[in-house]
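This structure is in structure tokens; I'll ask about it shortly.
The values are calculated or read from the model by the stated rules, or taken from the named source; none is laboratory data. What you see is a predicted model, and the numbers here were worked out from it, not measured in a lab. Note that we place each Cβ from the backbone using ideal geometry, even for glycine, and neighbour counts take in every protein chain shown. When the accessible area is computed, the model is the full protein with side chains, heavy atoms only, and any ligands, DNA or RNA have been set aside. Shrake-Rupley method; radii C 1.70, N 1.55, O 1.52, S 1.80 Å.
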Amino acid sequence: MTTGARQRAWAALADHWQDLQATRIDEMFTADPRRFQGWSVALDDMLLDISKTKLDGRALDLLADLARAAGVPQRLEAMFAGETVNATENRAALHPVLRAPDQAPRHVDGRDVKAAVAAEDARVRAFAEGVRDGTIAGRDGEPITDVINIGIGGSHLGPALAVRSLRPYRDGPRVHFVANADGADVSDTLRGRDPRRTLIIVSSKSFTTTETLANARTAWAWSARALGEEGVAGHFAAVTAATDKAAAFGIPAERVFRMWDWVGGRYSVWGAVGLPAMIALGTDAFDAFRAGAAAMDAHVREAPLTRNMPVLLALVGVWHANVCGYPTRAVLPYDHRLNRLPGYLQQLDMESNGKAVSADGAALTGHSGPIVWGEVGTNAQHAFFQLLHQGTRIVPCEFLVAADGHEPDARDHHDLLVANCFAQARALMRGRCRAETETLLRQQGMDAHTAARLAPHRSFAGDRPSTMLLYRRLDPFTLGRIIALYEHRVVIEGTIWGVNPFDQWGVELGKELATSLHGRVAAREGAPDADPSTDGLLGWRARLADG
Ligand code: F6P
């Protein structure tokens, strides 16, 4: 469809919002008692409820028109078909092939990549199983008890999320993650570990990321002090698209596992980047994780737009960000082991859609991706929920919760958790007006004057939107579905905003300037050719560090 069709859809949405704005979400339930049934969609044992948003039928129709006008279904199919959807890097974005259950050919640039993917997967699995069963051991024959993944961004967040989220399924070695350039990260992680029983995986698609290489060198030296230079290589492995660079670093070829050019770092947990999770959880659990993602792939391709979970989540996102004008969204997992999900989604979402130009380089006329933030419930309730309930800014909330936990002895805890989750969503929507608050305070025995004085502070405007993702239990299959749900949501939103969700040029300038300043920082020099603030800070840092 044409730019004109898109513009018409945006304009119609803006008009419709003017009409709808004053209607409260809870009034929409009064008008339609079956709103929950109509505005929630199930995929097996997972339910996405969007009924507590201010979407009505006309808004959804217009948003679906917008998605069609932006070519969402075609764009998804182009992605699944291995077309060059990442035009600024001249690449496909074929992460779904890493979890595709079938052996059907998948082409990139006219080449079938499926056989190569299967062959590499077999190498990764054999290595993971070998570490788990002890046939791949330390130099002295000691079993590997600890694995340290060194990597950052997409080479860190996905496996860290998987290992953390699936803690009840871990039956392999302990897995640790080092990402930060700050030496505190690697030092704290290495301290107390036994180099003879530790495997270090250096994970970097480019194998040029300065933080990762600095941490890898430090870990190498730590290993060499205990094992001798000749013993280190047997305690290292690498995951990279730059296999030559990993070899030059000293990692033996049989321990270098391949990332693919046509899979972006933040979409890469499904392949060799998932090695630490595969070692921790085993290949069966990792297969279930991938199968969950494959189920979401099938769903996003087959379900009609208005019954399609990733599409609906994307349309809600666009509605809130562009039509309602809410600049952020909060991700609130009421699932303690998903405490890394907000951080994971910050990269997936903001590195993908934090763009100011369209895929063809034109300046965007509207906003692209919102600011994503969040924390687990119930902790978040005692931190920033005050602002969510009474602040002047409206923050759409995305709740996630399992129907059941993994702790048979803590059933009461889970009931309490679910009650809190549902109650917060209800409180955000319902609110409590001043008159109701005043009456309540009077019923509690407060005098009329005090009740009137306190009522404004103790009232809630309500009418604040939220979505709820409810699933049976956070098992590997479900985690795979959740991650793939968000991956597709991000790609669909990016398509509607017209940006390329697969590149990340916005991180380059900071990297370049850090590289050029590094020498000055190390030499305790100023940078008179830079701006006066940077120059002044360099001077102060030199004085403080050496004082
Ligand atoms: O932050 C920029 C980025 O390129 C991410 O996209 C990527 O996940 C991360 O750095 C790490 O890159 P690499 O895997 O090449 O070390």
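Just the residues that are within 16 Å of the ligand (Cβ to nearest atom) and touching a Ser or Thr at 6+ places or on another chain (Cβ under 7 Å), please, taken from segment 182-199.
Passing the criteria: only V186.
While we're here: Within segment 246-257, is there a residue that is under 20 Å from V108 (Cα atoms) and under 27 Å from the mean Cα position of the chain (by Cα)?
Start the filter on segment 246-257 by keeping residues that are under 20 Å from V108 (Cα atoms), which leaves 257.
Narrowing the set further to residues that are under 27 Å from the mean Cα position of the chain (by Cα) leaves 257.
There is at least one residue in segment 246-257 that is under 20 Å from V108 (Cα atoms) and under 27 Å from the mean Cα position of the chain (by Cα).
Scan segment 359-374 for residues that are of a type in the set (A, V, I, L, M) and under 19 Å from G71 (Cα atoms) and jot them down.
Within segment 359-374, the subset of a type in the set (A, V, I, L, M) is 359, 362-364, 371-372.
Residues satisfying the conditions are A359, A362, L364.
Within 28 Å of the chain's Cα centre (by Cα) and open to solvent by 10 Å² or more (accessible area, probe 1.4 Å): is that true of A184 in this structure? Working first, answer last.
Numbers: within 28 Å of the chain's Cα centre (by Cα): yes; open to solvent by 10 Å² or more (accessible area, probe 1.4 Å): yes.
Criteria met by A184.
Can I ask one more? Of all residues in segment 212-242, how many are within 13 Å of the ligand (Cβ to nearest atom) and either touching a strand residue (DSSP E or B) at 6+ places or on another chain (Cβ under 9 Å) or assigned by the TED database to the domain that holds K511 (or both)?
Restricting attention to segment 212-242, the residues satisfying the condition of being within 13 Å of the ligand (Cβ to nearest atom) are 212-216, 238-242.
Okay, now just the ones that are also either touching a strand residue (DSSP E or B) at 6+ places or on another chain (Cβ under 9 Å) or assigned by the TED database to the domain that holds K511 (or both), so 212-213, 215-216, 238-241.
Qualifying residue count for the region: 8.
List pairs: first in segment 192-213 and among the hydrophobic types (A, V, I, L, M, F, W, C), second within 9 Å of the ligand (Cβ to nearest atom), Cβ under 6 Å, 6+ apart or cross-chain?
These pairs meet every condition: F207/T240; F207/A242.
I need the full set of residues from segment 453-491 which are charged (D, E, K, R) and within 15 Å of the chain's Cα centre (by Cα), in order please.
Let us first name the residues in segment 453-491 that are charged (D, E, K, R), namely 453, 458, 463-464, 472-473, 475, 481, 487, 489.
Those that are charged (D, E, K, R) and within 15 Å of the chain's Cα centre (by Cα): R481, E487, R489.
Sticking with this one: I'm checking my understanding of the structure. Among residues of segment 32-84 that are more than 27 Å from L479 (Cβ to Cβ) and touching a His at 6+ places or on another chain (Cβ under 8 Å), which one is surrounded by the most Cβ atoms within 10 Å (Cβ to Cβ)?
Ranking the qualifying residues of segment 32-84, first place goes to L62.
Six or more apart or on different chains, Cβ under 8 Å: which pairs go from a residue in segment 229-241 that's β-branched (V, I, T) to one that's more than 15 Å from the ligand (Cβ to nearest atom)? Could you list them?
V232/W220; V232/S223; V232/A224; V232/G250
For segment 437-456, enumerate the residues that are open to solvent by 50 Å² or more (accessible area, probe 1.4 Å) and without any contact (Cβ under 8 Å) to a residue 12 or more places away in the chain.
Within segment 437-456, T439, L440, R442, Q443, Q444, G445, D447, A448, H449, R453 qualify.
Read through the list (1) open to solvent by 40 Å² or more (accessible area, probe 1.4 Å); (2) over 25 Å from the mean Cα position of the chain (by Cα), then give the number of the only condition that A87 fails.
Of (1) open to solvent by 40 Å² or more (accessible area, probe 1.4 Å); (2) over 25 Å from the mean Cα position of the chain (by Cα), only one is false for A87: (2).
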